[in-house]
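Here is the structure we will look at, set down as structure tokens.
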Amino acid sequence: MAEAGRLTERIAFDAVIQTQGEGGGTVSGFEERFVVSARRRYLRGGEGVQAARLEGRRPLVLTIRRSSQSEMITAEWRARDTRSSEVYDIKSVEPSEDRRDLDVLCEVEA
């Protein structure tokens, strides 16, 4: 379980929504669902991580408390730092080793 003192970031999770545009077409956007405390860890080392960095992407893991809200997160959603407004593309959501938290694998464009 992530120690509360390590959950120092404020992260918003946004779901994809479809709205009707002015011309009658469908427009995709994002809508904030909830904000939680999180721990952010940028990944280092490993061949895949190095390749991602060469392509201008920065992989990271957000660790958040498991809850009924966090269980709704999918790879179609995005995460957003509420302080810096940096946006993270969610790649996968997995339970932590102790299954009390969720580890959200993300990438941020450099």
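The values are calculated or read from the model by the stated rules, or taken from the named source; none is laboratory data. Remember, it's a predicted structure, so these values are computed and weren't measured experimentally. FYI the Cβ positions are ideal-geometry reconstructions off the backbone, even for glycines, and counts take in every protein chain you see.
Taking only pairs six or more apart or across chains, which ones have beta-carbon atoms under 8 Å, a first residue in region 82-110 that is touching a residue at least 12 places away in the same chain (Cβ under 8 Å) and closer than 12 Å to Ala38 by Cβ, and a second residue that is polar (S, T, N, Q) and in a loop (DSSP other than H, G, I, E, B)? What qualifies is Leu102/Ser96; Asp103/Ser96.
Scanning region 50-83 for residues that are at pLDDT below 95 and part of a loop (DSSP other than H, G, I, E, B), we see that the one that is nearest to Phe13 (Cα to Cα) is Gly56.
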